[in-house]
Amino acid sequence: MNLIEELRWRGMIQDIMPGTEEQLSKEMTKGYVGFDPTADSLHIGSLVPILLLVHLQKAGHKPLALVGGATGMVGDPSGKSEERNLLSEEILRFNQEGIRKQLEKFLDFNCGERSAEMVNNYDWFKEMTFLHFIRDVGKHITVNYMMAKDSVKKRIEGDTGMSFTEFTYQLVQGYDFYWLYENKKCKLQMGGSDQWGNIVTGTELIRRKAGGEAFAFTCPLITKADGGKFGKTEKGNVWLDPQKTSPYQFYQFWLNAGDEDAEKWIKIFTFLSQSEVADILAAHKKDAGQRLLQKRLAREITVFVHGREEYEKAIVTTQKLFSNQDAPAESLSIEDLEEMEGVIKSDFAKERILTGIDIVSFLAETGIFSSKGDARKTVQGGGVSINRKKVENEKLKVDSSLLLHGQYILVQKGKKNYFLVKTI
RNA sequence: GGGCAAGUAGCCAAGUGGCCAACGGCAACAGACUGUAAAUCUGUCCUCUUCGGAGUUCGGUGGUUCGAAUCCAUCCUUGCCCA
């Protein structure tokens, strides 16, 4: 199976330029994807472009990761309804470093001629003068062409308008492709389907300015069946950086996927073969309650991103927190409590417990809730458990009888948010 | 520079002198049902609260009024049109 066929059954191809498949089977091809340095870590949304590069490398081609230092300073209008804030050079440089470190985990940067490579478009744009740009780049593309782009049209017809800076974005990005074509012999660009317009501007520029031929394909944007935003949880973005999103939370994110989503995602986010996926789906359909599909999905991705060891830790924590829902909290050892990851820990003065404190004040003062009113409302709604027992009465006194091992209290806010309060 | 329109909670969006902490929708959080899903139903959703209330909001500032998101002035921002 060649690269395109492979990606196609995985549902990773949205648009593809004619001739791309032939080019890929003809010779070792360099292909690139652009990454946006607006944050210092990549989140799981960027996992898709990363996977495109990984697949490319596996298929015997050379991946380039372009960090949009220059374009990040401008802001892409695609899919945005509003003008973006501009970032300073310093922040962009810092973010670029973070991204680089993460990419190194997924791509092989040291395997001969197919080694992955990282480039930053700031490097060729910082020297570029305005005159140079409008003469050598702008000259080749008509405004009519640029205006016809969906991303531009929407903004012009909408009621927010669009600055010249953003309008120029597609040219700047298109020039990236041209530059890589000329200087690195890069003939392929990949990206999310929202990038299609910008990518085509690039191939157009290559055709007109260099008389060359370049190729491209895009991957559909990842969506959720319920229309929600992919990659967001209660706590915000799901990041690839374990400092920002712990491996446990990362694992949980995938484990919580809906059936419909998981079925799509397992093809996109894992390297399982077509027959393996078919087997898993069949097994899942037989007994959906087992959630074999989600478990496998979560396992594959967590191992891929964080490694086997972290995955196993996440599993252990998961089992402790969820598998024996009915087991009394007293059965957990001190080690279990201390080592559970994904549990937010806080300290609390022991005297307050010994003298007894009402549940509402306790929840507010430990920071589990931001205010007493908030805590009270959730308790009234049945949303708080202490040591795995639902708090039925908001007048409950918290005292030493609730301490596990003489010093811990395990608090649950909802079903999935655990807090461990340690008295000192 | 001139003309017109608009700015309301995280977002969309009603409200055009008191009944307004402000209809409705989305998002979010919690509960029930489940499979730590989805769908559905219920509750919460400006801040604090001793759950009785209290305090701060409707682009900013000043004003009119017993009383303003609502009227007036002025400034700021955005869009459209003209120069």
Looking only at region A:16-59, count how many residues are in a loop (DSSP other than H, G, I, E, B), over 16 Å from A:Lys187 (Cα atoms) and open to solvent by less than 10 Å² (accessible area, probe 1.4 Å).
3
State whether one or more residues within region A:140-150 are in contact (Cβ under 8 Å) with a residue 60 or more places away in the chain and in a helix (DSSP H, G or I).
yes
In the set A:Thr245, A:Thr233, A:Thr203, the lone residue that is within 13 Å of RNA strand B (Cβ to nearest atom), of a type in the set (Ser, Thr, Tyr) and either modelled with pLDDT of 90 or more or under 27 Å from A:Glu300 (Cα atoms) (or both) is A:Thr233
Name every residue in region A:20-29 that is over 9 Å from A:Leu56 (Cβ atoms) and either outside the structural domain of A:Gly174 (by TED's automatic domain parsing) or in contact (Cβ under 8 Å) with a residue 24 or more places away in the chain (or both), in order of residue number.
A:Thr20, A:Gln23, A:Met28
Please determine whether any residue of region A:344-361 is under 31 Å from the mean Cα position of the chain (by Cα) and under 30 Å from A:Gln290 (Cα atoms).
yes
Picked from region A:370-424 (must be among the polar types (S, T, N, Q), more than 7 Å from RNA strand B (Cβ to nearest atom) and within 15 Å of A:Val360 (Cα to Cα)), the residue surrounded by the fewest Cβ atoms within 10 Å (Cβ to Cβ) is A:Asn393
Pairs where the first residue, in region A:259-288, is assigned by TED's automatic domain parsing to the domain that holds A:Leu7 and the second is modelled with pLDDT of 90 or more and of a type in the set (Lys, Arg), C-beta under 6 Å, 6+ apart
none
So which strands (runs of 3 or more DSSP E) are wholly in region A:305-424 and hold at least 3 residues that are in contact with an Asp or Glu (Cβ under 8 Å, 6 or more places away or on another chain)?
A:417-423
Which of the numbered conditions does A:Ile199 fail, given that it passes all the others? Conditions: (1) more than 30 Å from A:Lys153 (Cβ to Cβ); (2) open to solvent by less than 10 Å² (accessible area, probe 1.4 Å).
(1)
For region A:299-321, pairs from a residue that is more than 13 Å from RNA strand B (Cβ to nearest atom) to a residue that is in a helix (DSSP H, G or I) and of a type outside the set (S, T, N, Q), with Cβ under 6 Å and 6 or more apart or across chains, are A:Ile301/A:Trp254; A:Ile301/A:Phe269; A:Val303/A:Tyr311; A:His306/A:Pro247; A:Glu310/A:Pro247
Taking A:Leu293 as meeting all but one of (1) modelled with pLDDT under 90; (2) surrounded by 21 or more Cβ atoms within 10 Å (Cβ to Cβ); (3) out of contact with any strand residue (DSSP E or B) (no Cβ under 9 Å at 6 or more places or on another chain), write down the number of the exception.
(1)
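The values are calculated or read from the model by the stated rules, or taken from the named source; none is laboratory data. This one's a predicted model, so the numbers in the text were calculated from it and none came from an experiment. Here the Cβ is made from the backbone with ideal geometry for all residues, glycine too, and neighbour counts use every protein chain on show. Each accessible area value is taken on the protein alone, full model and side chains, heavy atoms only, with ligands, DNA and RNA left out. Shrake-Rupley method; radii C 1.70, N 1.55, O 1.52, S 1.80 Å.
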